[in-house]
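Every number in this text was worked out from the coordinates using simple rules, so none of it is lab data. The structure presented is a predicted model; accordingly, all values stated were derived computationally and were not measured. Cβ placement follows ideal geometry from the backbone for every residue including glycine, while neighbour counts extend to all protein chains displayed.
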Amino acid sequence: MKQTILTTRQSALLEDLIVKHGRIVTSEQIYARGKDSWGRQVTKNVITKLIGNGWLIRVKRGLYVISDLSNRGFLSLSPYVVANLLVKDSYVSFESALAFHGMFDQLTNKTISISRVQYKAVQRQSVEYRFVRVLEKWFFGWQDVSIDNKTVRMATAEKALIDMIQFHKSKYTVDLVVEKLSLYKGSLDLQKMTQYLGKMSLTTIKIFGFLFDLLGIDSDHLYRQVKLKGTHWMLSDDSKFNARWRLYYDEYFDKYQSAK
């Protein structure tokens, strides 16, 4: 049975840590606070007990969140914050970033980030965290935002849409990007998006150029970057050919012609 009541010394330890460091603490910070009272080995045992009883929630090795009575045993921090804690050199993107920008309202139990380093997918409580490692030249297009009094790296809406095509390309993601471009083209910074696209792969540039044309968005600047530069496929088994972009695509997307 879990011990729901903290001992006096355990309570003092957690309260002192919150005062000094906030609710996110490292093992070394806990050891530094507990060494005078217990010594390192006993403090290690105390940490184990606090984890087992739900007062400390492990984010990753050596990093914990301190619970309170209302959320003991549950990670109450925003998944965006947790993602940045798991991999500092990363930024939240894809549908997760679109949700932050108010452009994706479906419930999801997955948070996906762009990262400079490889990091395995992990499950924390009910949320799965995934990290897509990319080349340095593609690690851009994010901004610092404040969530739960923590600074989080978040993709701009424009870069989140681009990342979906560049790194998670599928019929679903292309369709979702078309939908969001159609709904939000009046509020998206299309000039910024065009500048971002200039740094991406030729295939990604061509796909967005094709989608811009479908939706009546000016694509001339993108066209000048890829004119006569080879033939590409939106997806490997696509068979319909667009001569302007020299791009094979699925005729499914012709339905968006009416959105012009």
* Does the stretch 95-111 contain at least one residue that is of a type in the set (Val, Ile, Thr), in a strand (DSSP E or B) and surrounded by 18 or more Cβ atoms within 10 Å (Cβ to Cβ)? -> yes
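Residue-wise test of (1) of a type in the set (Gly, Ala, Ser); (2) crowded, with 20+ Cβ neighbours inside 10 Å; (3) within 22 Å of residue 257 (Cβ to Cβ).
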site	(1), (2), (3)
158	no, yes, no
173	no, no, yes
194	no, yes, yes
207	no, yes, yes
211	no, yes, yes
214	no, yes, yes
218	no, no, yes
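Going by what's in this entry, would residue 51 be described as assigned to a helix (DSSP H, G or I) and either of a type in the set (S, T, N, Q) or more than 24 Å from residue 126 (Cβ to Cβ) (or both)?
Details: assigned to a helix (DSSP H, G or I): yes; either of a type in the set (S, T, N, Q) or more than 24 Å from residue 126 (Cβ to Cβ) (or both): no.
So residue 51 does not fit the description; no.
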* Please list, ordered by first then second residue, the pairs with beta carbon atoms under 8 Å, 6 or more apart or interchain, first in the stretch 184-205 and over 18 Å from residue 142 (Cβ atoms) and touching a residue at least 60 places away in the same chain (Cβ under 8 Å), second surrounded by 14 or more Cβ atoms within 10 Å (Cβ to Cβ) and among the small types (Gly, Ala, Ser). => 184/157
